[in-house]
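Engineer: For reference, the structure I am asking about is given below.
Read the figures in this text as sums done on the coordinates, not as results from a lab. Values in this document were obtained by computation on a predicted structure and should not be read as measured data. Cβ placement follows ideal geometry from the backbone for every residue including glycine, while neighbour counts extend to all protein chains displayed.
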Amino acid sequence: MFEYFTDRARHALVLSQDEALTLGHDFIGTEHLLLGLIGSDQSTAGDVLRERGVELTRAREEMVRLLEAAGVAATGGQPAKDALSSLGIDVEEVKHQADNTFGAGAFQYPRPAYTEDAKKALEQTLTEARALGRERFGTEHILLGMLSSGQGRGLEVLAACEVDAGGLREAVLARVARDAS
């Protein structure tokens, strides 16, 4: 499916993974997708979000606040590392060897997995793109997919940033229509 994403959309997905890893999360939720979209320069979704007053720093702070309030811990993948350690596998040594062989940062463990809400949002991306007559999925389609899925902490972050999801959807669709003409 990811081969159908535009370069900017793929970059936004990489940014969302980077946000999850940086924050010590072993999952990628809609909240991380949102941060990736906000952080993507010269992208439709990023531009519309910033025009609506959604700044990356504030969104990240709101996300952390919401996750902490929900009791979601930033484990940095420690449970997975502990499980491998119990089998005699030293993840830090594997990382060290991979860095020496393939370059710094070549090995990151654990790789965060998408939550069910994020998967649903990405599935909705396809629906949104097709509804607009597109074969490739841009950042705008990811944002529309997230909004139309109607679930996930990304929507809670938007609400905490005082952004109306319906108004945001209209703004994205207006931008898409303007750019198409």
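Engineer: Report, by chain and number, residues whose modeled amide H sits under 5 Å from the one on ILE28, excluding near sequence neighbours (fewer than 5 apart, same chain).
Structural biologist: ALA113, TYR114, THR115
Engineer: Can you tell me the order of 29-41, 62-74, 119-131 when each peptide is scored by its average per-residue count of other Cβ atoms within 10 angstrom, highest first?
Structural biologist: Numbers: 29-41: 26.8, 62-74: 14.2, 119-131: 18.7.
Those peptides, ordered most packed to least, come out 29-41, 119-131, 62-74.
Engineer: What translational D, rounded to a whole number of µm²/s, comes out for the stretch 124-176 from Stokes-Einstein when the hydrodynamic radius is the Kirkwood one over Cα pairs, at 10 °C and 1.306 mPa s? Present the calculation step by step, with values, prior to reporting the outcome.
Structural biologist: Numbers: Rh = 11.2 Å.
Estimated via Stokes-Einstein, D reaches 142 µm²/s.
Engineer: Okay, moving on. For a quick size check, give me the Cα extents of the chain along its three principal axes, largest first, whole Å.
Structural biologist: 58, 36, 24
Engineer: Sticking with this structure for a sec: Which residue, LEU126, LEU173, LEU158, has the largest displacement toward the positive end of the dipole of the stretch 102-181 when charges sit on each Cβ (Lys, Arg +1; Asp, Glu -1)?
Structural biologist: Checked the options; the winner is LEU126.
Engineer: Next question, about the same structure. Around LEU147, under 15 Å between beta carbons, what's the net of Lys plus Arg minus Asp minus Glu among the other residues? Walk me through the intermediate numbers first.
Structural biologist: Details: positive: ARG52, LYS120, ARG153, ARG169, ARG175; negative: GLU31, ASP117, GLU123, GLU128, GLU140, GLU156, ASP164, GLU170.
In short, -3.
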